[in-house]
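Notes for the one structure printed next.
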Amino acid sequence: MKEERKDWKKELDKELEEIKKLAQEADNNKGFELGFEDDFEEDVSQIDFIDDKQNPQESYRLYYAIEGILKTHLPKGPKYKQLRNFVREEKIIFLTGGKKKDERGIRGADSRQAYISTHLKVVLNSLLEWIKEGGNSFDLFLRFRQLNIQYGYFREDELSDYNQALITALNNNSKDKN
């Protein structure tokens, strides 16, 4: 049993290193601005989360703005498809309120219909902050992972050594920038 856990941890560490390597290799063209970023900046502490209502038009606009930013700023090409998938999976888990795919590959939620102020704007603001800071793809992966942990989308028993390594890496990354 202990041997299995060690093998599992090695696999997760290997996966994390692969994501990091792909991100470092891919991130060489930053600094592009879309021109509408200021329209979305909002102080999240002032949001009334209790009265958050669905607005399909606004959800659509925000979701596809997020997708446009990801498409523009994540590395292109088949070589980086896995990296894009890792980043997008973390984003989708957050937007769907923690819904992960089941064993059949079905999530049971649509990230395009996420709550606007508590999820879509939080992701958009995280993306815009990431762009302004000139972060790489691995930083974005870590941001989305941190949001999932912060919002409780991973149960305590799901916070594996892998997640703890990600939290540590994110915290160290933040300290390095200060």
When residues of the stretch 36-64 are limited to those that are within 12 Å of VAL122 (Cα to Cα) and among the aliphatic types (A, V, I, L, M), the one modelled with the lowest pLDDT: ILE47
Whichever residue in the stretch 78-107 is without any contact (Cβ under 8 Å) to a residue 40 or more places away in the chain and open to solvent by less than 30 Å² (accessible area, probe 1.4 Å) and, among such residues, is farthest from LYS121 (Cα to Cα): THR96
If ILE131 satisfies all but one of (1) under 11 Å from the mean Cα position of the chain (by Cα); (2) over 20 Å from ASP13 (Cα atoms), what's the number of the condition it fails? (1)
What number of residues within the stretch 71-118 are part of a helix (DSSP H, G or I) and of a type in the set (A, V, I, L, M, F, W, C)? 8
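Based on this model, can you work out whether GLU67 counts as within 15 Å of the chain's Cα centre (by Cα), modelled with pLDDT of 90 or more and more than 27 Å from LEU12 (Cβ to Cβ)? Spell out the reasoning first.
Working: within 15 Å of the chain's Cα centre (by Cα): yes; modelled with pLDDT of 90 or more: yes; more than 27 Å from LEU12 (Cβ to Cβ): yes.
When the stated conditions are applied, GLU67 passes them.
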Has the stretch 112-120 got any residue that is at pLDDT 90 or above and open to solvent by 40 Å² or more (accessible area, probe 1.4 Å)? no
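The values are calculated or read from the model by the stated rules, or taken from the named source; none is laboratory data. Predicted model, so just to flag it, every value in this text is computed and none were measured. When we count neighbours, we look across all protein chains shown, and the Cβ atoms used for this are built from the backbone with ideal geometry, even at glycine. Only protein heavy atoms, including side chains, enter the accessible area calculation; ligands, DNA and RNA are left aside. Shrake-Rupley method; radii C 1.70, N 1.55, O 1.52, S 1.80 Å.
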